[in-house]
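Engineer: Sharing a structure below in structure tokens format, with a few things to ask.
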Amino acid sequence: MITAAHANNPNPYIQGTDLFGYVGIEAVLDQMRRKTIKAGLEFNIMVVGQSGLGKSTLVNTLFKSKVSRKSCTPNYEEKISKTVKLHSVSHVIEEKGVKMKLTVIDTPGFGDQINNDNCWDPIVKHINEQYEKYLREEININRKRRIPDSRVHCCIYFLPATGHRLRPIDVEFMKRLGKIVSIVPVIAKADTLTIEERHEFKERIREDLTVNGIDVYPQREYDEDPEERVLNDRIRESLPFAVVGTDKEHQVNGNKVLGRKTKWGIIEVENVAHCEFANLRDLLIRSHLQDLKDVTHDVHYETYRVRRLNESNVDFSDLSRSARPLENGCADKCESDSHL
């Protein structure tokens, strides 16, 4: 019941103190939590960079599990691929009752050739194919209640720790991919740089990103409120994250820590004084995972959907019945599905 005084109030919001008793609106949060736990989460992450930069090791370190392509393939031997071929590995990870289907898309062969012209094309194709697949399911007359989501939610782009500037291949890749997927750049094997070299290298990279008009995640135009802007500004000032990955534990002051043992001591991966791995993990999992998925759906997929619907030569009445290959080719099937 709303009194006449409330009806004439220009403020349309009724605060908890104005209610005559407990309504139970806050219980909706528990309902959403239970539903999410029951359904589980999906998160698809792509790792891009030339061989030897520690992509698989970093992904394993992020999720504290053997989730990389190398970890899942017995007797795996890395060979330099003549072309860029995408490989996907899916797992179901469970923590405190919450299940997440994690798919890691690896890009062996990227940047490993003498001539790397258009080496990003297979990656662009794969990302667009996943948008197309989702679109076809969405417009299907008898569509599934929950559409399987194979869209790439985040692309981690590995930069070699050269200490110089962005290479032409880095600029071209991020220019093209930044328009269709959220890119998070990282400096791989950052322990090869001194603190001063690392700081100067990051400054040069940020300058190159600005000069070339490259947008990396999180973009300023997606900040929704002042509190989020403060957090994202702090992240933007730290990009690209200087990271170190390892799956080995060592004893430090009586405690087990993830780290890399050197002649001079142990580099603690999760110690922010040693590297920025913890900042990357917080961004990808603890603070921005849902936002990465929202940006993928509301921005990148929406842009693709509008473009496809506006194409005059596409007859969408046939798409729901069509079994022909996608325009951009067929993506490689997942190499393996395993449960941790």
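Engineer: Does V104 satisfy the criteria of being among the aliphatic types (A, V, I, L, M), touching a helix residue (DSSP H, G or I) at 6+ places or on another chain (Cβ under 9 Å) and surrounded by fewer than 20 Cβ atoms within 10 Å (Cβ to Cβ)?
Structural biologist: no
Engineer: Being on the phi > 0 side of the Ramachandran plot and either crowded, with 22+ Cβ neighbours inside 10 Å or free of Cβ contacts under 8 Å to residues at least 24 places away in the same chain (or both) is the filter here; which residues of segment 107-134 pass it? Let's see the steps before the verdict.
Structural biologist: Taking segment 107-134 first, the residues on the phi > 0 side of the Ramachandran plot are 109, 111, 118.
The one that is on the phi > 0 side of the Ramachandran plot and either crowded, with 22+ Cβ neighbours inside 10 Å or free of Cβ contacts under 8 Å to residues at least 24 places away in the same chain (or both): N118.
Engineer: Okay, moving on. Look through segment 85-97, keep the residues that are of a type outside the set (D, E) and open to solvent by 50 Å² or more (accessible area, probe 1.4 Å), and return whichever of them is nearest to Q290 (Cα to Cα). Step through it out loud before you land on a result.
Structural biologist: Going residue by residue through segment 85-97, those that are of a type outside the set (D, E) are 85-93, 96-97.
So of that shortlist, the ones also open to solvent by 50 Å² or more (accessible area, probe 1.4 Å) come out as 85, 96.
On the way: K85: 28, K96: 18 Å.
Per the stated criteria, the residue is K96.
Engineer: Given the structure, is V295 modelled with pLDDT of 90 or more, in contact with a Ser or Thr (Cβ under 8 Å, 6 or more places away or on another chain) and open to solvent by less than 40 Å² (accessible area, probe 1.4 Å)?
Structural biologist: Details: modelled with pLDDT of 90 or more: yes; in contact with a Ser or Thr (Cβ under 8 Å, 6 or more places away or on another chain): yes; open to solvent by less than 40 Å² (accessible area, probe 1.4 Å): yes.
It is true that V295 is modelled with pLDDT of 90 or more, in contact with a Ser or Thr (Cβ under 8 Å, 6 or more places away or on another chain) and open to solvent by less than 40 Å² (accessible area, probe 1.4 Å).
Engineer: In this structure, is G49 surrounded by 10 or more Cβ atoms within 10 Å (Cβ to Cβ), at pLDDT 85 or above and either more than 31 Å from the chain's Cα centre (by Cα) or of a type outside the set (D, E) (or both)? Explain how you work it out, then say what you get.
Structural biologist: Values: surrounded by 10 or more Cβ atoms within 10 Å (Cβ to Cβ): yes; at pLDDT 85 or above: yes; either more than 31 Å from the chain's Cα centre (by Cα) or of a type outside the set (D, E) (or both): yes.
So G49 fits the description; yes.
Engineer: Give just the number: which of (1) of a type in the set (D, E); (2) in a helix (DSSP H, G or I); (3) exposed (fewer than 15 other Cβ atoms within 10 Å of the Cβ) does E224 not satisfy?
Structural biologist: Here E224 clears every test but (2).
Engineer: Looking at segment 142-154, I want the residues that are within 10 Å of Q130 (Cα to Cα) and have a partner that is surrounded by 11 or more Cβ atoms within 10 Å (Cβ to Cβ) and not β-branched (V, I, T) with Cβ atoms under 6 Å, at least 6 apart or on another chain. Which pairs are those?
Structural biologist: These pairs meet every condition: D149/E42; S150/Q130; R151/Q130; R151/Y134; V152/N44; V152/M46.
Engineer: Would you say V184 is over 21 Å from H297 (Cβ atoms) and either among the basic types (K, R) or modelled with pLDDT of 90 or more (or both)?
Structural biologist: Working: over 21 Å from H297 (Cβ atoms): no; either among the basic types (K, R) or modelled with pLDDT of 90 or more (or both): yes.
Judged against the criteria, V184 is not a match.
Engineer: Any residue in segment 261-281 that is under 16 Å from K189 (Cβ atoms) sitting within a Cβ distance under 9 Å of a residue that is aromatic (F, W, Y)? List the pairs, counting only those 6 or more apart or interchain.
Structural biologist: V269/F277; C275/F241; E276/F241; F277/F241; L280/F241
Engineer: Would you point out the residue of segment 194-221, among those that are surrounded by fewer than 16 Cβ atoms within 10 Å (Cβ to Cβ) and among the hydroxyl-bearing types (S, T, Y), that is farthest from I183 (Cα to Cα)?
Structural biologist: T194
Engineer: Still on this structure, I have one more. Kindly indicate the residue of segment 238-260 that is β-branched (V, I, T) and not in a strand (DSSP E or B) and also farthest from K189 (Cα to Cα) among those meeting that condition.
Structural biologist: At the first step, the residues of segment 238-260 found to be β-branched (V, I, T) are 243-244, 246, 252, 257.
Checking the rest, the ones that are also not in a strand (DSSP E or B) come to 243-244, 246.
Working: V243: 6, V244: 5, T246: 10 Å.
Out of the qualifying residues, it is T246.
Engineer: Now for a separate question. Name the residue that is nearest to K99 (Cα to Cα), counting only residues in segment 1-45 that are open to solvent by 70 Å² or more (accessible area, probe 1.4 Å), at pLDDT 75 or above and not basic (K, R).
Structural biologist: Among them, the one singled out is M32.
Engineer: Could you list, in sequence order, the residues of segment 238-284 that are open to solvent by 10 Å² or more (accessible area, probe 1.4 Å) and touching a Phe, Trp or Tyr at 6+ places or on another chain (Cβ under 8 Å)?
Structural biologist: Listed by number, the residues that qualify are G245, E270, E276, N279.
The values are calculated or read from the model by the stated rules, or taken from the named source; none is laboratory data. Given the structure is predicted, the values throughout are model-derived calculations rather than measurements. A quick note on method: Cβ atoms are made from the backbone with ideal geometry, for glycine too, and the neighbour counts reach across all protein chains shown. SASA here: full protein model, heavy atoms, side chains in, ligands and nucleic acids out. Shrake-Rupley method; radii C 1.70, N 1.55, O 1.52, S 1.80 Å.
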